[in-house]
Amino acid sequence: MPAMYKVRPLHGTGVLAEHLPTCMYPLPNLHRAPGPAQAAAHGEEVDPSLLALESRQEEILKRLYELKSAVDGLSKMIQTPDADFDVTNIIQTDEFSPLTTNTADLDLMLGKDYGALKDVVINANPSVPPLSLLVIHSLLCERYKILSAVHTHSSVKSVPENLLKCFGEQTKKQPRHAYQLGFTLIWKDVPKPQMKFSIQTMCPIEGEGNIARFLFSLFGQKYNAVTSTLIDSWVDTAIFQLKEGSSKERGAVLRSMNAALGKSSWLVGNELTVADVVAWCALQQTGTANSAPANVQKWMKSCENLAPFSSVMKLLK
């Protein structure tokens, strides 16, 4: 179709491309301030303090990189122990002594009170009896003259007969001052076991594991730092994973116990510790004793051959 009319061009060829800008007007970047190098490139004046700060930052980064390279080199030269290192040799150097030969200063540990018998009072729920504390009580009776007593709090409606006689038949044949320590167990509706031996001067010790640690310390056993740490670790593992954990956690603990008992006759070293007492009781209460691995089964029989453990076995029947 032919054009209706023609319009004469008002400019020559190439004029528009030469004179029009690439953008309407420039704007500074509001999101990121230009660094000294960028500002210098644009011909802007740079603050000298900013230049000094940037130079210092580059120097620090350079020194950190050099330090990292040096550490990486040292790590290849030095043989560092693995996180799961074998402490069997360290434990064997610890001087273990049988429980029957040690004697603790009860006055030093519990405080001397002239004319009064120190009485350890434990509140426990009969629905979840603290078996480890009963085992340790029997062990203490082999060492000291213990005045034992069992009572029932009014918050508990009924207590099984075997728990009322968990300390055996108690016949007081001697005056109170003739005993070295009092041990009173009160069956009470409490969420977790509680212990006190000085009502006026102390807060209660809560938790079966913590009370077991304290009572076992009355034997006067001395351990090095590594052995003490391992014992505490096994006690916590027995309470929080073996006794209160899931089936998956229990399986992992049993495998760890089986490996540890493959190297020594007890969980830590060659003598009975509170870790063995708490772990054995946890296995009995969770019903996993029959499905335990071979080394754990052998260890459990060693425990049950001791009179304090066999007496607690009667409570489970």
* To do: Please work out if Lys173 is without any contact (Cβ under 8 Å) to a residue 40 or more places away in the chain, in a helix (DSSP H, G or I) and open to solvent by 70 Å² or more (accessible area, probe 1.4 Å).
  => no
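Which of the following residues is surrounded by 19 or more Cβ atoms within 10 Å (Cβ to Cβ), in contact (Cβ under 8 Å) with a residue 60 or more places away in the chain and over 17 Å from Cys303 (Cα atoms): Leu272, Leu242, Leu218?
Values: Leu272 fails: over 17 Å from Cys303 (Cα atoms); Leu242 fails: in contact (Cβ under 8 Å) with a residue 60 or more places away in the chain.
Exactly one of Leu272, Leu242, Leu218 is surrounded by 19 or more Cβ atoms within 10 Å (Cβ to Cβ), in contact (Cβ under 8 Å) with a residue 60 or more places away in the chain and over 17 Å from Cys303 (Cα atoms), namely Leu218.
Evaluate region 226-237: report whether one residue or more is in contact with a Cys (Cβ under 9 Å, 6 or more places away or on another chain) and either assigned to a helix (DSSP H, G or I) or buried (at least 22 other Cβ atoms within 10 Å of the Cβ) (or both). Even if it seems obvious, please write down each step before you answer.
Applying the first criterion (in contact with a Cys (Cβ under 9 Å, 6 or more places away or on another chain)) to region 226-237 yields none.
No, region 226-237 contains no residue that is in contact with a Cys (Cβ under 9 Å, 6 or more places away or on another chain) and either assigned to a helix (DSSP H, G or I) or buried (at least 22 other Cβ atoms within 10 Å of the Cβ) (or both).
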* To do: Assess whether Leu10 counts as being at pLDDT 80 or above and aliphatic (A, V, I, L, M).
  => no
* Asked: Mind checking which pairs have a first residue in region 29-57 that is modelled with pLDDT of 60 or more and a second that is surrounded by 13 or more Cβ atoms within 10 Å (Cβ to Cβ), Cβ under 6 Å, 6 or more apart or different chains?
  -> Val46/Pro36; Val46/Ala39; Val46/Ala40; Leu50/Pro36; Leu51/Pro36; Glu54/Pro36
* Asked: Which residues, taken from region 283-313, are outside any helix (DSSP H, G or I), open to solvent by 30 Å² or more (accessible area, probe 1.4 Å) and closer than 21 Å to Ser127 by Cβ?
  -> Gly287
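Give the residue, chosen from Ala282, Ala260, Ala292, that is out of contact with any helix residue (DSSP H, G or I) (no Cβ under 7 Å at 6 or more places or on another chain) and either modelled with pLDDT of 90 or more or of a type in the set (A, V, I, L, M) (or both). Spell out the reasoning first.
On the way: Ala282 fails: out of contact with any helix residue (DSSP H, G or I) (no Cβ under 7 Å at 6 or more places or on another chain); Ala292 fails: out of contact with any helix residue (DSSP H, G or I) (no Cβ under 7 Å at 6 or more places or on another chain).
The match here is Ala260.
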* Test each condition in (1) open to solvent by less than 50 Å² (accessible area, probe 1.4 Å); (2) in a loop (DSSP other than H, G, I, E, B); (3) farther than 30 Å from Ser264 by Cβ; (4) at pLDDT 90 or above for Lys192 and report the one that comes out false. => (1)
* **Test for Ile90: is it at pLDDT 70 or above and within 26 Å of Gly220 (Cβ to Cβ)** => no
* Look at Ala212 and say whether it is touching a residue at least 60 places away in the same chain (Cβ under 8 Å), surrounded by 13 or more Cβ atoms within 10 Å (Cβ to Cβ) and in a helix (DSSP H, G or I). => yes
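Take the conditions at pLDDT 85 or above, aliphatic (A, V, I, L, M) and not in a loop (DSSP other than H, G, I, E, B) and apply them to Val159. Does it pass? Reasoning before the result, please.
Numbers: at pLDDT 85 or above: yes; aliphatic (A, V, I, L, M): yes; not in a loop (DSSP other than H, G, I, E, B): no.
When the stated conditions are applied, Val159 does not pass them.
The values are calculated or read from the model by the stated rules, or taken from the named source; none is laboratory data. From a predicted model like this one, the values you see are computed outputs, not experimental measurements. In this analysis, Cβ positions are derived from the backbone assuming ideal geometry, glycine residues included, and neighbour counts consider all displayed protein chains. Surface accessibility is based on the protein's heavy atoms, side chains included, excluding ligands, DNA and RNA. Shrake-Rupley method; radii C 1.70, N 1.55, O 1.52, S 1.80 Å.
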